[in-house]
Amino acid sequence: MTTLYGISNCDTVRKARKWLEENSIDYRFHDFRKDGLTETQLLQLEQQLGWETLLNRRSTSWRQLDKSQQEKINKEAALALMVEKPTLIKRPVLEHKDGMMAGFKEAQYKQFFNNQ
């Protein structure tokens, strides 16, 4: 089963969901705000993608952090912040039986699903 992680009001998540639906790909949507995010779930995502890929340094949530938090960021601090504020995670995160990716680019999704 394919799972798409994100938040429902994110434009990029909406684009990914639309693409999946238009391409008849069955998926489950996991909304970080409504469904939550446990430390265990985040660690599973991090093991596949790496914390630096998951951390969205372009997000509003990142810009709202203190400069000291931004400057001292490391794996432990990033994971703790992402559990506390899931909006710091690059969206969407796509989990499929054969792999995982963060973000949405139509060409990458086409390639990913055509290789299945």
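Bear in mind that the values in this text are calculations on the coordinates, not laboratory data. The shown structure was predicted, so the numbers you read here are calculated from the model rather than taken from an experiment. Note that we place each Cβ from the backbone using ideal geometry, even for glycine, and neighbour counts take in every protein chain shown.
Can you pull out the residues in the stretch 53-82 that are surrounded by fewer than 12 Cβ atoms within 10 Å (Cβ to Cβ) and either touching a helix residue (DSSP H, G or I) at 6+ places or on another chain (Cβ under 8 Å) or under 17 Å from residue 3 (Cα atoms) (or both)?
Of everything in the stretch 53-82, just one residue is surrounded by fewer than 12 Cβ atoms within 10 Å (Cβ to Cβ) and either touching a helix residue (DSSP H, G or I) at 6+ places or on another chain (Cβ under 8 Å) or under 17 Å from residue 3 (Cα atoms) (or both), namely 60.
Exactly one of these conditions fails for residue 92: (1) touching a Ser or Thr at 6+ places or on another chain (Cβ under 7 Å); (2) farther than 22 Å from residue 10 by Cα. Give me its number.
Exception for residue 92: condition (2).
Considering each residue of the stretch 2-22, count those that are exposed (fewer than 12 other Cβ atoms within 10 Å of the Cβ) and either within 12 Å of the chain's Cα centre (by Cα) or touching a residue at least 24 places away in the same chain (Cβ under 8 Å) (or both), and give that number.
The number of residues fulfilling the criteria is 0.
Listed residues 41, 69; which is in a helix (DSSP H, G or I) and either under 12 Å from the mean Cα position of the chain (by Cα) or under 27 Å from residue 114 (Cα atoms) (or both)? Step through it out loud before you land on a result.
Values: 69 fails: either under 12 Å from the mean Cα position of the chain (by Cα) or under 27 Å from residue 114 (Cα atoms) (or both).
One residue alone meets the criteria, 41.
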